[in-house]
Amino acid sequence: MKNILNNNHIKEVLKILEDTYPDAACELVHSSPFELLIATILSAQSTDKRVNIVTNHLFQEFNTPGDFLRLTEDELAEKIRTIGFYRAKSKNILKTCKILVEEYNSKVPSSREELVKLPGVGRKTANVVISNAFGQNAIAVDTHVFRVANRIGLADSQDVNGTEEDLMNNINEEFWTKAHHLLIFHGRRVCKARKPMCGECPLVEFCLYYKQNFGK
């Protein structure tokens, strides 16, 4: 049996998070589905803050697939070199842009199934794009969502796919996207990886991690 909060407690947790972070939303700066796709590819194992610094300059000159295809892999790599795995990301981004131009008339597809076929795009990235760019209900499980959801007791899984499944089962579908942002905000600001700030957390009454570690 999974170690998960009951439905009423889950609703309480989400309400507290919503009250605590009323402005929770995607923190990757973008003005189109394509810019969001590129920013999300860049954000893998990097911070949104770092990505925004890079794309602030990058998107001023390159904000369509055709624009990016004017660059070589080395040229793009140089422009994003302050981001982790920049060479692999440069290669994947240009491959993705080529597919978008040749197969999708330079438009970003709006289905998860099509998105995950693009180089550098996994399920998490696809979920970010379909939820934030196309308004579809989805929960993207990044490191923050994975950590916070399993600590609190919204999920009980050792992997991201299981965590996503638990969250989808335990949260009303129309709230999936909002819950994703709330969990990220809480993970970045309070429920940090190495030293969670339990003394400042509004969820200690419900949090399974807190009860297990502090005996309350």
Residues located in region 60-78, provided they are surrounded by fewer than 19 Cβ atoms within 10 Å (Cβ to Cβ) and either in contact with a Lys or Arg (Cβ under 7 Å, 6 or more places away or on another chain) or in a helix (DSSP H, G or I) (or both): GLN60, GLU61, GLY66, ASP67, LEU69, GLU73, ASP74, GLU75, GLU78
Condition first: part of a loop (DSSP other than H, G, I, E, B) and either of a type in the set (S, T, N, Q) or modelled with pLDDT under 95 (or both). Can you find one or more residues in region 7-29 that meet it? no
Mind checking whether some residue in region 193-211 is of a type in the set (Asp, Glu), closer than 18 Å to LEU17 by Cβ and either assigned to a loop (DSSP other than H, G, I, E, B) or assigned by TED's automatic domain parsing to the domain that holds GLU18 (or both)? yes
How many residues are touching a His at 6+ places or on another chain (Cβ under 8 Å), of a type in the set (Gly, Ala, Ser) and either closer than 21 Å to GLU12 by Cα or assigned to a helix (DSSP H, G or I) (or both) if we restrict to region 105-158? 3
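The values are calculated or read from the model by the stated rules, or taken from the named source; none is laboratory data. Computed from a predicted structure; not experimentally measured. Every residue, glycine among them, receives a Cβ derived from its backbone with ideal geometry; neighbour counts consider all protein chains shown.
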